[in-house]
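Data first, discussion second: the structure below is written as structure tokens.
The values are calculated or read from the model by the stated rules, or taken from the named source; none is laboratory data. Given the structure is predicted, the values throughout are model-derived calculations rather than measurements. Using ideal geometry, Cβ is built from the backbone for each residue, glycine included, and neighbour counts are taken over all protein chains shown. Note: areas computed on protein heavy atoms with side chains; ligands, DNA, RNA excluded. Shrake-Rupley method; radii C 1.70, N 1.55, O 1.52, S 1.80 Å.
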Amino acid sequence: MYKIRTYNTISVKGLNRFSREDYEVAGELPHPDAFLIRSQKLHDMEFPDTLKAIGRAGAGVNNVPLERCSEEGVVVFNAPGANANAVKELVLAGMLLGSRDIYEGMKFVESLEQQDGLDPLLEKEKKRFAGTELIGKTLGVVGLGNIGSLVANMGLALGMKVIGYDPAISVEAAWRLSSDVEKMDNLNSLFGRADYISLHLPVLDATRGLVSDNLLANVNPSLVLLNFARGEIVDNEAVMRALSEERMHRYVSDFPANETLRHPGMLQMPHIGASTGEAEENCAIMVADQLMDFLENGNIANSVNFPNIALPRTTPVRVTISNRNVPKVLNQITAIIADHDINIVDMLNKSRADIAYNIIDLEACPSDSSLEALRSIEEVINVRVLGSCKYS
């Protein structure tokens, strides 16, 4: 029986993936094998000894203590791309709001009282809310992953010129991206050319405060900057200076801050980028499937702290081992298995940064003494046996 402890409201379609009799899912389960969360902050939480995995039904994992999870052998999963279309569509809305004065025009209409001669008044005042069209303009996309590539392709479909920057673009993302997207070698060139810039970056030491006075020094005065990624990648003070000095036109953000509230050059939304029913369902389903495959088979897909690794089951008995990524650990593991006269049928080893992970299919159940020997290896973090083996 696998126990899944949930936090926050998780889509029913995701929870229904655990409807088999070998799963128990609830918000107050003792000794859980996994957590399934959305926004729950885990940094100050002490993890139960039974915890093997955390599934974040979304993309960002700032609410999860990744370093501690790695040290304790807890695999953290997220759902990259599951909410990509929802964010892409909101970026489009942000581009339209930033180019056409839709918001101020609607506020004007809401301020009106019922009156005679309403149509002539609207006709007279509509010139206050004129804007520009997207077609023919240049869209810069910073970060060409799941969401960024969709935004870039959308820009092309709208008749825009699209330029992109992503020095770490994956092969998979490159395949998704249209060849009509012009690749830029540096951010300064992109910021200098674009009429619209959409940010799609994670928060890292290298990206925190990335959009700064330096990047905004030579931008187009008509620039609309869109941030539906993370608030921390933009220096709000630098953006407010650029807006106040009329060096850029508009900042559309999904991440309001105290200092940016009611700023006249900003259109701010309450972090609703992934807030669609479809996105929440997709994220929950993806993470639930990943947790199940990990708990049952030891396979890892879309982890943010462990290597992605999968091995088809070749025997009923499988052992998975997490260890610190240092030399000679794998040799010790295979030597112990051989010394206990257990045949290895198939195995796979992968590493990511300081963590290594092994999937080993065995011909027979490992003995208590062999498991004790494996766990006694200094650099081994944890050992799991998957199969119908019985132990005292």
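Nearest 20 debye, what's the magnitude of the dipole of the chain about its Cα centre given +1 on Lys and Arg Cβ and -1 on Asp and Glu Cβ? Intermediate values should be presented prior to the final figure.
Numbers: 37 positive and 52 negative charges, 113 e Å.
Dipole magnitude for the chain comes out near 540 debye.
Can you compute 3J(HN,Hα) from phi for each residue in the stretch 173-190, using the Karplus curve 6.51 cos²θ - 1.76 cosθ + 1.60 with θ = phi - 60°, rounded to whole Hz and x for Gly and Pro?
Karplus-based 3J(HN,Hα) across the stretch 173-190 equals 5, 4, 5, 6, 8, 5, 5, 7, 7, 7, 7, 9, 7, 8, 5, 4, 5, 5 Hz.
State to the nearest 20 debye the size of the charge dipole of the stretch 242-392 about its Cα centre, where the only charges are +1 on K and R beta carbons and -1 on D and E beta carbons.
Its charge dipole is roughly 220 debye.
Which GluC sites (Glu not before Pro) in the stretch 347-390 sit in a loop by DSSP (not H, G, I, E or B) and have at most 11 other Cβ atoms within 10 Å of their own Cβ?
GLU378
From the phi angles alone, apply the Karplus equation (6.51, -1.76, 1.60; θ = phi - 60°) to the stretch 9-17 and give each ³J(HN,Hα) in whole Hz, x where the residue is Gly or Pro.
These are the phi-based 3J(HN,Hα) values: 8, 9, 3, 4, 5, x, 4, 5, 5 Hz.
Cβ under 14 Å from ALA242's Cβ, ALA242 left aside: what net charge do those residues give with Lys, Arg +1 and Asp, Glu -1?
On the way: positive: ARG241, ARG247, ARG250; negative: ASP213, ASP235, GLU237, GLU245, GLU246.
Once positives and negatives cancel, what remains is -2.
Not counting ligands, DNA or RNA, and with a 1.4 Å probe, what is ASP22's accessible surface area in Å² rounded to the nearest 10?
50 Å²
Mean-square fluctuation check for the chain, GNM, Cα pairs under 10 Å: which of TYR251, TYR103, TYR357 is largest?
Residue with maximal mean-square fluctuation among TYR251, TYR103, TYR357: TYR103.
Ranked by accessible surface with a 1.4 Å probe, highest first, in what order do ARG38, ARG56 come?
ARG38, ARG56
Assuming R0 = 45 Å, can you tell me the calculated FRET efficiency for the pair LEU348 and ILE272, based on Cβ-Cβ distance, to the nearest 0.05? It would help to have the intermediate numbers written out before the result.
Working: r = 40 Å, r/R0 = 0.90.
The pair LEU348/ILE272 has a calculated efficiency of 0.65.
Name the long-range amide H neighbours of ASN78: under 5 Å, sequence gap of 5 or more, or other chain; modelled H, no Pro or chain starts.
Long-range HN contacts for ASN78: ARG56, VAL304.
Between LEU96 and GLU71, how many nm apart are label points set 7 Å from Cα along the C-beta direction?
It works out to 4.9 nm between the two label points.
For the chain, which cysteines have no disulfide-compatible partner, meaning no other cysteine Cβ under 4.7 Å?
CYS69, CYS283
Once you've got the GNM for the chain with C-alpha springs shorter than 10 Å, pick whichever of ALA274, ALA26, ALA335 has the biggest mean-square fluctuation.
For the chain, modelled as a Gaussian network with Cα springs under 10 Å, the answer is ALA335.
Which ³J(HN,Hα) values, rounded to whole Hz and listed in residue order, are derived for the stretch 200-206 from phi using the Karplus coefficients 6.51, -1.76 and 1.60 in 6.51 cos²θ - 1.76 cosθ + 1.60 with θ = phi - 60°, glycine and proline given as x?
Residue by residue, the stretch 200-206 yields 9, 10, x, 8, 10, 4, 6 Hz.
For the stretch 161-272, what's the relative contact order in percent, using C-alpha pairs closer than 8 Å and at least 6 residues apart? If you can, show how the numbers build up before the last one.
Numbers: 176 pairs, mean separation 23.1, N = 112.
Computed value for the stretch 161-272: 21 percent relative contact order.
I'd like the antiparallel share, as a percent to the nearest 5, of DSSP beta bridges with both residues in the chain.
Numbers: 24 of 61 bridges.
That works out to approximately 40 percent antiparallel.
Provide LYS3, LYS350, LYS390 ordered by accessible surface of protein heavy atoms (probe 1.4 Å), highest first.
Reading off the accessible areas and sorting them downward yields LYS390, LYS350, LYS3.
Under a crude label model (7 Å from the Cα following the beta-carbon direction), how far is ALA217 from ASP116 in nanometres?
Here the modelled spin labels are 6.2 nm apart.
Below 8 Å, C-alpha to C-alpha, sequence gap of six or more: please give me the relative contact order for the chain in percent. Before the final figure, lay out the partial values.
Details: 758 pairs, mean separation 58.1, N = 392.
Across the chain, relative contact order equals 15 percent.
Subtract the Cα-Cα distance of GLU89 and ARG247 from 0.36 nm times their separation in residues, and report this length gain in nm to one decimal. Intermediate results must be reported in sequence, preceding the final value.
Details: separation 158, 0.36 × 158 = 56.88 nm, distance 2.70 nm.
Contour length minus Cα-Cα distance gives 54.2 nm.
Report the relative contact order of the stretch 218-329, percent, no decimals, based on alpha-carbon pairs under 8 angstrom and at least 6 residues apart.
It rounds to 16 percent for the stretch 218-329.
Any idea of the accessible area per residue across the stretch 307-392, 1.4 Å probe, to the nearest Å²? Numbers along the way, then the final one.
Working: 4560 Å² over 86 residues.
I get 53 Å² per residue for the stretch 307-392.
Say we join alpha carbon atoms closer than 10 Å with springs in a Gaussian network model of the chain; which of PRO264, PRO256, PRO80 then has the biggest fluctuation?
Comparing PRO264, PRO256, PRO80 in the GNM, the peak value goes to PRO264.
May I ask you to derive the FRET efficiency for ASP293 and ASN62 from their Cβ-Cβ distance with R0 = 30 Å, giving the value to the nearest 0.05?
0.75
How much length would be gained if the chain were fully extended between GLU123 and ASN308, taking 0.36 nm per residue of separation minus their Cα-Cα distance, in nm to one decimal?
Gain on stretching GLU123 to ASN308: 60.7 nm.
Give me the one-decimal nm value for the distance between modelled label points at MET45 and CYS389, 7 Å along each residue's Cα-to-Cβ direction.
3.0 nm
Please compute the length gained on full extension between THR334 and ASN188, using 0.36 nm multiplied by the number of residues separating them and subtracting their Cα-Cα distance.
Gain in length upon complete extension: 47.4 nm.
For LYS127, give me every one of the lysines with a C-alpha distance below 21 angstrom, ignoring sequence neighbours fewer than eight places off in its own chain.
Correct list for LYS127: LYS107.
Calculated FRET efficiency, MET1 and ASP205, Cβ-Cβ r, R0 41 Å, to nearest 0.05?
The value I calculate is 0.50.
Of ILE333, VAL319, MET106, which is farthest towards the positive pole of the chain's charge dipole, taken about the Cα centre with +1 and -1 on the beta-carbons of Lys, Arg and Asp, Glu respectively?
The one lying farthest along the dipole's positive direction is MET106.
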